[in-house]
Amino acid sequence: MDTLVRSPQAEVASICSETPQFHLRSLVLQPTTSCNLNCRYCYLPDRKSARYMSPAICLRLADEIVSLGEELTVIWHGGEPLACGIHRFEQLLEPFADRCRALVRHGLQTNATLIDDKWCDLFEKHRIQVGASIDGASDLNHNRVDWSGRATFEPALRGIRFLQKRNINYSVIAVVGESSLGKAKELYRFFADLGCTRLGINIEEQEGANRKPVLDDERVTAFWEDLFEAWLANPAVTIREFSTKIQWLLRDRSDPTSDPFNNVDIFPSVAYNGDVVLLSPELLGVKDPRHENFIVGNLLRDSLRAIVFKGASVPYVRQYVAGVKKCHAQCEYFNYCGGGQASNKYFELDDISGTETGFCRNMSQRLVQAILAKS
Ligand code: SF4
């Protein structure tokens with residue numbers, strides 16, 4: 001959606017000649033703050049309270065997408081979207097279906113425990129790409145518990161069975177913590193048998209409400225090596241991390257448009273009440289007066305175009321840009337990483353203009369080392 005980012009780019013370019021280029025390809029919408037689960041590593045500070053997005057926000061956004069006339073991916077996330085209830089959720093989808101169905105691709109990240117045939121009808125009707133969150137077989141899924149501390153493996157599997165019965169393609173995101181290190185091959189076998197099309201691996205992060213220190217040692221490298229070997233032996237499931245890094249390893253270095261410095265995603269996230277934060281959805285709901293709670297605007301008052309335009313000059317985005325510039329100048333992994341995530345720099349270093357984090361050592365440096373070692 002270049003029309004939205006052209007102006008901020010020009011704005012920033014006048015401030016600094018060697019500035020990353022922002023792109024807007026997708027945004028996160030938070031249909032509800034609440035979640036029916038209480039996963040032990042969850043970063044959401046407010047997941048016990050149930051507040052819901054107003055359809056007026058989606059109406060304004062859909063109208064703006066029509067006027068911009070460019071494609072955008074909307075990812076429903078930031079609480080458990082299905083905890084919204086099917087009727088409420090359909091009201092949020094309707095403006096996009098009525099006004100800009102051809103321009104909007106929907107994705108949704110769910111803990112899968114509430115999926116049934118009615119939800120499958122909705123996923124099909126609105127062509128929603130479903131992502132399920134499950135960490136592996138029941139022994140590796142032990143951090144995903146409900147509010148009474150009960151295991152949720154069986155309810156999640158039951159939800160996934162509905163998707164399978166209806167032939168709805170789905171991806172999976174699995175969080176890898178201490179107990180999964182050393183079990184990469186077993187983990188991969190589980191997901192290959194489960195039949196998901198795509199697997200994303202998140203090494204547990206220190207973010208938001210989860211203040212546990214980051215796993216940060218060579219066992220993570222060994223995990224990636226084992227996973228890469230398992231995947232090479234049976235590439236039945238696309239692994240998001242391998243696809244992304246291999247694409248970057250193979251990219252045409254003479255093409256400036258493929259330079260990560262020219263591909264910084266401004267990635268707006270819209271809270272249930274219309275507040276918008278930029279760069280990282282994990283910054284939604286964070287209270288920090290130093291950064292004005294990271295809120296750059298509100299979709300009930302401001303256009304997305306205006307928020308993105310303003311975003312390039314707000315202090316925390318400028319700090320992030322300064323950090324990416326340092327990464328670009330200093331780090332041998334920059335070409336496979338692009339300068340890391342604002343949220344990890346904030347939560348780990350308390351400095352958005354910082355560089356290396358435990359997250360980037362795990363998700364960029366050790367991952368690339370493992371791919372290169374096993375290729
Ligand atoms: S690996 Fe870390 S230090 Fe290197 S570019 Fe990425 S975020 Fe920056």
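Things worth noting here:
- Virtual spin-label span in nm between Arg301 and Ser243, 7 Å along Cα→Cβ: 3.9
- Accessible area (Å², 1.4 Å probe, nearest 10) - Phe347: 20
- Database remark: amide H of Ser26 closer than 5 angstrom to the amide H of Thr73, Phe267 (H placed geometrically; neighbours at sequence offset of 5 or more, or on other chains; Pro and chain starts carry no H).
- In Hz, Karplus ³J(HN,Hα) per residue of the range 52-66 (6.51, -1.76, 1.60; θ = phi - 60°; x = Gly, Pro): 10, 6, 8, x, 4, 5, 5, 4, 5, 5, 4, 4, 5, 4, 4
- In this label model, Ala322 and Ser179 are separated by 4.2 nm, measuring between points 7 Å along each Cα→Cβ vector.
- Computed over the chain, the per-residue total of -39500 (n - 2.57) for DSSP H runs of n ≥ 4 gives a 222 nm mean residue ellipticity of -11500 deg cm²/dmol, rounded to 500.
- In units of the compact-protein estimate 2.2 N^0.38 Å, the range 166-272 shows a Cα radius of gyration of 1.25.
- When the solvent-accessible area of the range 314-356 is split by element, carbon and sulfur atoms take up 42 percent of it, the probe being 1.4 Å.
- Neighbour net charge for Glu124 - beta-carbon separation under 15 angstrom, K R +1, D E -1: +3
- Under Karplus coefficients 6.51, -1.76 and 1.60, residue-wise ³J(HN,Hα) of the range 176-189 in Hz, glycine/proline x: 9, x, 2, 6, 8, 5, x, 10, 4, 5, 5, 4, 5, 4
- Separation in nanometres of the label points that stand 7 Å from Cα toward Cβ, at Arg161 and His142: 2.5
- Cα-based equivalent ellipsoid of the chain: semi-axis lengths in Å, sorted from largest, via gyration tensor: 29, 28, 20
- Label point at Ala233 placed 7 Å out along Cα→Cβ; residues across the range 185-213 whose backbone nitrogen lies under 16 Å: 185-193
- Of the residues Arg366, Arg301, the one with the largest accessible area comes first in the ranking Arg301, Arg366, computed with a 1.4 Å probe on protein heavy atoms.
- The listed residues Trp231, Trp119, once ranked by accessible area (1.4 Å probe) with the largest placed first, stand as Trp231, Trp119.
- Added length on full extension, which subtracts the Cα-Cα distance from 0.36 nm per residue, Glu124 to Asp217: 29.2 nm
The values are calculated or read from the model by the stated rules, or taken from the named source; none is laboratory data. Since the structure is predicted, the reported quantities are computational estimates derived from the model, not experimental observations. Glycine also receives a Cβ, built like all others from the backbone with ideal geometry; neighbour counts cover every protein chain displayed. Quick note on the areas: whole protein, heavy atoms, side chains included, nothing else; ligands and nucleic acids left out. Shrake-Rupley method; radii C 1.70, N 1.55, O 1.52, S 1.80 Å.
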